[in-house]
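The values are calculated or read from the model by the stated rules, or taken from the named source; none is laboratory data. Nothing here was measured: the structure is a model prediction, and the numbers come from that model. Here the Cβ is made from the backbone with ideal geometry for all residues, glycine too, and neighbour counts use every protein chain on show.
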Amino acid sequence: MRSLDSGGTDANQQSLGTAAARNLATTTKSAPQMQEITSRWLLRKLPWVQVAGGTYRVNQRRSYIVGDGRIAVDYVVGDGRIEVNRAEQARVVPGDLRELAFLRDFEDEAAFTALAALFTQEEYSAGDTIVEWGHAEDRFVVIAHGRVEQHTAGHYDDEAVVGVLADGDYFDEWGLLEERIWDFSARAATSCTILSLRRSDFQTLADRSPTLRAHLDAFLASGAGQRDGEAPINLAAGHTGEVDLPGTYVDYEASPREYGLSVAQTVLRVHTRVADLYNQPMNQVEQQLRLTIEALRERQEHELINNRDFGLLHNADARQRIHARTGAPTPDDMDELLSKVWKEPGFILAHPRAIAAFGRECSKRGLYPTNVDMNGHQVPSWRGVPVLPCNKIPISDTRTTSVLLMRTGEANQGVIGLHQIGIPDEYEPSLSVRFMGIDDKAIISYLVSAYYSAAVLVPDALAVLDNVQIGL
């Protein structure tokens, strides 16, 4: 054993030890670190538009598209409680039947309740046929749970998958009003729970309800069922001689969507003793403020994606939402996504784990997407469109997530960020730091506020790939 002198050092030590030397040395320190800070690509790539009045109105050409494309389903447990994602007894939420174009303006709540009660629950296993091409459309179908593939006959009598539907999707409501023939087959890709409404039951209820019958008759008489998309602009082309040219005008939405600026706020508190005495080599207030602003910006990006009112995940048009065909995001899924935003696509936004899952699918097929330069960073791409990571896109308990593709900018009729610069006590664009005073405990308070929102100028500027399975 080594002998130690009375000073606690090795008796054979011939030079000053590092532990003792540190007491006289100046320690090199880092600025405070925070794991929450991310690249925040969405905030960096969105074009930000000044909203001087705090509200941005999106004026659009009149459109006949209504609703969000989904019908909500509740699940009733044995004791009568209502829970979500419990496949014991499914039922349509009555008010969501306004999603159907011919019931959009109908106001008889009792009729909606009676209509919802007519749906019957059916269970299918993977591979089972739900409806078959060429047969009469005798029912309206809502998918409560599961994934359904739509098949049509190909040019050479083969079959092609033309669509994938999942929870909340439905088809085909027009068969409730008139006799039609299915122009596709629907097969369960997974085990499925569906709710179906027979045309005969719907018509019987309409005959018993004078308000519903009158509403349907007025709807059919107006010809509204034939309208789809934007209001027409009548034109003539390819004519010769003197012809009567059509007169026209561009009709606008009577009640355009308005986006008000949202806010993320907090009160930063610093004791005066800390602010006065402990400012070398780094200013304590500045470092507290820096990390607080970083956290606010992270929350801002989260809200731009997830907020129920203006978040991109909740503001994508129903016709711009698609489902992964097999679970994991494949090149086929990404190509389908690009087909939805084919006019100058800007970038794809995905959770890092979804990007990893897509990479695995590409590797299985021997595909190796190239990287592109993005502000000096090498990021993965698909068909030349950057694929940017964002950990704010949620992952469900069943390990599914979504992938977003967007076109950006006012000039491109794309997705834009909204903010207001020039606000009082502005510290960064649309972010203010306002001194609130010192209380009787000598604590300084600062109100830190960030103002923001986002707008989708036309529906085809944003598309979402839903139900993406990311694996373990």
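Where residues in segment 162-192 are assigned to a strand (DSSP E or B) and out of contact with any Asp or Glu (no Cβ under 6 Å at 6 or more places or on another chain), which of them is surrounded by the fewest Cβ atoms within 10 Å (Cβ to Cβ)? Reasoning before the result, please.
Kept after step one, since they are assigned to a strand (DSSP E or B), are these residues of segment 162-192: 162-165, 170-171, 181, 185-188, 192.
Going one step further and asking which of them are out of contact with any Asp or Glu (no Cβ under 6 Å at 6 or more places or on another chain), we end up with 162-163, 165, 170-171, 181, 186, 192.
Numbers: V162: 12, G163: 17, L165: 21, Y170: 22, F171: 21, I181: 10, A186: 25, C192: 25.
Per the criteria, the residue is I181.
For K340, all conditions in the list (1) over 24 Å from S262 (Cα atoms); (2) surrounded by fewer than 19 Cβ atoms within 10 Å (Cβ to Cβ); (3) in contact with a helix residue (DSSP H, G or I) (Cβ under 6 Å, 6 or more places away or on another chain); (4) among the charged types (D, E, K, R) hold save one; what is the number of the exception?
(2)
Select from segment 108-155 the residues that are without any contact (Cβ under 8 Å) to a residue 24 or more places away in the chain and part of a loop (DSSP other than H, G, I, E, B) and write down the one among them that is surrounded by the most Cβ atoms within 10 Å (Cβ to Cβ).
G154
List pairs: first in segment 197-209 and on the phi < 0 side of the Ramachandran plot, second among the aromatic types (F, W, Y), Cβ under 8 Å, 6+ apart or cross-chain?
From residues that are on the phi < 0 side of the Ramachandran plot, the pairs are L197/F119; L197/F140; R199/F140; F202/F140.
Of all residues in segment 12-40 being part of a loop (DSSP other than H, G, I, E, B) and β-branched (V, I, T), which is nearest to G376 (Cα to Cα)? Spell out the reasoning first.
Initially, segment 12-40 is screened for residues part of a loop (DSSP other than H, G, I, E, B), giving 12-17, 25-40.
With the extra rule that they be β-branched (V, I, T), the set shrinks to 26-28, 37-38.
Working: T26: 36, T27: 33, T28: 29, I37: 19, T38: 16 Å.
Ranking the qualifying residues of segment 12-40, first place goes to T38.
Within segment 311-331, is there a residue that is at pLDDT 95 or above, of a type in the set (D, E, K, R) and in the same structural domain as T272 (by TED's automatic domain parsing)?
Taking every residue of segment 311-331 in turn, none turns out to be at pLDDT 95 or above, of a type in the set (D, E, K, R) and in the same structural domain as T272 (by TED's automatic domain parsing).
What's the number of the condition D251 fails, among (1) modelled with pLDDT under 90; (2) out of contact with any Lys or Arg (no Cβ under 7 Å at 6 or more places or on another chain)?
With respect to (1) modelled with pLDDT under 90; (2) out of contact with any Lys or Arg (no Cβ under 7 Å at 6 or more places or on another chain), D251 is out only on (2).
Among the residues of segment 95-111, write down those that are under 29 Å from the mean Cα position of the chain (by Cα), at pLDDT 85 or above and of a type in the set (A, V, I, L, M, F, W, C).
Selection gives L97, L100, F102, L103, F106.
Would it be correct to say that P47 is under 28 Å from N375 (Cβ atoms), at pLDDT below 95 and surrounded by 11 or more Cβ atoms within 10 Å (Cβ to Cβ)? Give the derivation first.
Numbers: under 28 Å from N375 (Cβ atoms): yes; at pLDDT below 95: no; surrounded by 11 or more Cβ atoms within 10 Å (Cβ to Cβ): yes.
When the stated conditions are applied, P47 does not pass them.
Among the helices (runs of 4 or more DSSP H) confined wholly to segment 252-370, which include 3 or more residues that are within 24 Å of the chain's Cα centre (by Cα), within 30 Å of A101 (Cα to Cα) and not acidic (D, E)? Give the steps one after another, and end with the answer.
Values: elements: 272-277, 284-306, 312-315, 331-340, 352-364.
Answer list for segment 252-370: 284-306, 312-315, 331-340.
Out of the residues in segment 91-101 that are buried (at least 20 other Cβ atoms within 10 Å of the Cβ) and touching a Leu at 6+ places or on another chain (Cβ under 8 Å), which is nearest to R208 (Cα to Cα)?
Among residues in segment 91-101 that are buried (at least 20 other Cβ atoms within 10 Å of the Cβ) and touching a Leu at 6+ places or on another chain (Cβ under 8 Å), the one nearest to R208 (Cα to Cα) is L97.
What strands (runs of 3 or more DSSP E), lying completely within segment 373-472, carry at least 3 residues that are touching a residue at least 60 places away in the same chain (Cβ under 8 Å), assigned by TED's automatic domain parsing to the domain that holds L313 and over 24 Å from the mean Cα position of the chain (by Cα)?
Numbers: elements: 377-382, 385-389, 400-406, 415-419, 426-428, 431-438, 443-456, 462-469.
Passing ranges, in order: 431-438, 443-456.
Which of the residues that make up segment 112-152 are among the small types (G, A, S), closer than 22 Å to T204 by Cα and at pLDDT below 90? So that I can check it myself, show each step before the final result.
Our first condition is that a residue be among the small types (G, A, S); within segment 112-152, this holds for 114, 116-117, 125-127, 134, 136, 144, 146.
Next, from what is left, pick out any that are closer than 22 Å to T204 by Cα: 114, 116-117, 136.
A136, the sole residue that qualifies.
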